[in-house]
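In what follows, a single structure is set out as structure tokens and then discussed.
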Ligand code: C2E
Ligand code: MG
Ligand code: MG
Ligand code: MG
């Protein structure tokens, strides 16, 4: 009896946070307009090169600055965009915005490679590779300056087309990264088929690194596995100095997390870099 009640409570709760259906319907309609009305905004979270202690990369993370509801996090509207066939429009906006930002920072003397997140809908699209390459050409951005972060689950939706699109991009020199590594459903056999350059270890293994021997084992073996496969490693979810140092000692290439900085807008990131010892133009190391 009690267990059943809890289950129902849980269900109601998850429906609430998922927004009830009316709310959802409204969000869907509004999301279409949001892209045109410039209500989406990209925040950026720095990635520290752990060998040289400089920020060399950032991840672009979209937010919806809703006129009435305030800032809506991506976990709330990305799944809706995905279900409602709006992910291609959204990703187009994200990539164009990120490539424009590359030049804005460059004009301030800050050179940063930018990673954007790609969803399953994008990898079902037959012209996704073409779109990304033409955006890079249009913005005149060096190909090394863009990384695509792809979850294993996004590939699983249509592996054949996903691998075709990713191969095309890889051939042109784009950096491809497996996001949330360790949480997906794909086997190592499937992973081997993906033309990726980088593994991004999910934050659930990194957040408690200093207090969990299991997480230490998982992370150090994942770093070793990646290196043996010729892949670089990014750790996300670094929340304390101990974890940062531990990851550097274990030869993890890049680190990202609230300990360094939360995702912030482009202006705030430039200000932070100017003050931080990790800034690209700082003399300190
Ligand atoms: P993700 O790509 O795995 O991004 C990392 C998420 O972890 C971000 O949440 C970031 O704020 C959070 N994070 C980073 N460091 C820490 C940390 O030290 N501690 C904790 N607790 N969290 C940390 P955010 O910005 O809310 O994004 C959530 C997810 O939404 C992303 O996960 C990504 O899957 C998706 N997303 C965001 N922007 C886009 C986008 O432009 N396109 C697509 N397709 N998905 C996006
Ligand atoms: Mg990501
Ligand atoms: Mg991630
Ligand atoms: Mg994630």
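The values are calculated or read from the model by the stated rules, or taken from the named source; none is laboratory data. The structure presented is a predicted model; accordingly, all values stated were derived computationally and were not measured. Using ideal geometry, Cβ is built from the backbone for each residue, glycine included, and neighbour counts are taken over all protein chains shown.
Which one is nearest to ligand 2 (Cβ to nearest atom), of the residues in the stretch 154-177 that are buried (at least 18 other Cβ atoms within 10 Å of the Cβ) and at pLDDT below 95?
So, considering only residues that are buried (at least 18 other Cβ atoms within 10 Å of the Cβ) and at pLDDT below 95, the one nearest to ligand 2 (Cβ to nearest atom) is 154.
Scan the stretch 164-194 for residues that are within 19 Å of the chain's Cα centre (by Cα) and in a helix (DSSP H, G or I) and report the count.
Looking only at that region, the number is 5.
Is there a residue in the stretch 160-176 that is free of Cβ contacts under 8 Å to residues at least 40 places away in the same chain, within 30 Å of residue 220 (Cβ to Cβ) and within 16 Å of ligand 4 (Cβ to nearest atom)?
Within the stretch 160-176, not a single residue is free of Cβ contacts under 8 Å to residues at least 40 places away in the same chain, within 30 Å of residue 220 (Cβ to Cβ) and within 16 Å of ligand 4 (Cβ to nearest atom).
Could you tell me which of the residues 45, 86 is under 27 Å from residue 236 (Cβ atoms), out of contact with any helix residue (DSSP H, G or I) (no Cβ under 8 Å at 6 or more places or on another chain), at pLDDT 90 or above and buried (at least 18 other Cβ atoms within 10 Å of the Cβ)? Lay out the reasoning, then the answer.
Numbers: 86 fails: out of contact with any helix residue (DSSP H, G or I) (no Cβ under 8 Å at 6 or more places or on another chain).
One residue alone meets the criteria, 45.
Answer with yes or no whether residue 196 is without any contact (Cβ under 8 Å) to a residue 60 or more places away in the chain and closer than 17 Å to residue 115 by Cα. Spell out the reasoning first.
Working: without any contact (Cβ under 8 Å) to a residue 60 or more places away in the chain: yes; closer than 17 Å to residue 115 by Cα: yes.
Criteria met by residue 196.
Being farther than 21 Å from residue 23 by Cα and either surrounded by fewer than 22 Cβ atoms within 10 Å (Cβ to Cβ) or touching a strand residue (DSSP E or B) at 6+ places or on another chain (Cβ under 7 Å) (or both), is that true of even one residue in the stretch 64-81? Give the steps one after another, and end with the answer.
Our first condition is that a residue be farther than 21 Å from residue 23 by Cα; within the stretch 64-81, this holds for none.
Looking through the stretch 64-81, none of the residues is farther than 21 Å from residue 23 by Cα and either surrounded by fewer than 22 Cβ atoms within 10 Å (Cβ to Cβ) or touching a strand residue (DSSP E or B) at 6+ places or on another chain (Cβ under 7 Å) (or both).
Mind listing whichever residues of the stretch 114-147 are touching a helix residue (DSSP H, G or I) at 6+ places or on another chain (Cβ under 9 Å), within 21 Å of residue 266 (Cβ to Cβ) and within 16 Å of ligand 3 (Cβ to nearest atom)?
114, 115, 116, 117, 118
Look through 235, 266 and report the one residue that is closer than 21 Å to residue 148 by Cα, under 17 Å from the mean Cα position of the chain (by Cα) and either more than 16 Å from ligand 2 (Cβ to nearest atom) or at pLDDT below 95 (or both).
Working: 235 fails: either more than 16 Å from ligand 2 (Cβ to nearest atom) or at pLDDT below 95 (or both).
From the options 235, 266, the qualifying one is 266.
How many residues does the stretch 1-35 contain that are modelled with pLDDT of 65 or more and either outside any helix (DSSP H, G or I) or surrounded by fewer than 10 Cβ atoms within 10 Å (Cβ to Cβ) (or both)? Walk me through it before giving the result.
Initially, the stretch 1-35 is screened for residues modelled with pLDDT of 65 or more, giving 21, 23-35.
Those left that are additionally either outside any helix (DSSP H, G or I) or surrounded by fewer than 10 Cβ atoms within 10 Å (Cβ to Cβ) (or both): 21, 33.
Counting residues in the stretch 1-35 that are modelled with pLDDT of 65 or more and either outside any helix (DSSP H, G or I) or surrounded by fewer than 10 Cβ atoms within 10 Å (Cβ to Cβ) (or both) gives 2.
Here is a list of conditions, (1) more than 16 Å from ligand 2 (Cβ to nearest atom); (2) in contact with a strand residue (DSSP E or B) (Cβ under 9 Å, 6 or more places away or on another chain), and residue 224 meets all of them except one; can you say which number that is?
(2)
So which residues in the stretch 152-178 are touching a helix residue (DSSP H, G or I) at 6+ places or on another chain (Cβ under 8 Å) and under 23 Å from residue 236 (Cα atoms), if there are any at all?
152, 153, 154, 155, 156, 166, 174, 175, 176, 178
Give me the residue from the stretch 195-213 that is part of a helix (DSSP H, G or I) and in contact with a helix residue (DSSP H, G or I) (Cβ under 9 Å, 6 or more places away or on another chain) and, out of that set, nearest to ligand 1 (Cβ to nearest atom).
Quick first cut of the stretch 195-213, residues part of a helix (DSSP H, G or I) only: 203-206, 213.
Next, only the ones that are in contact with a helix residue (DSSP H, G or I) (Cβ under 9 Å, 6 or more places away or on another chain) stay: 204-206.
Details: 204: 9, 205: 12, 206: 8 Å.
Ranking the qualifying residues of the stretch 195-213, first place goes to 206.
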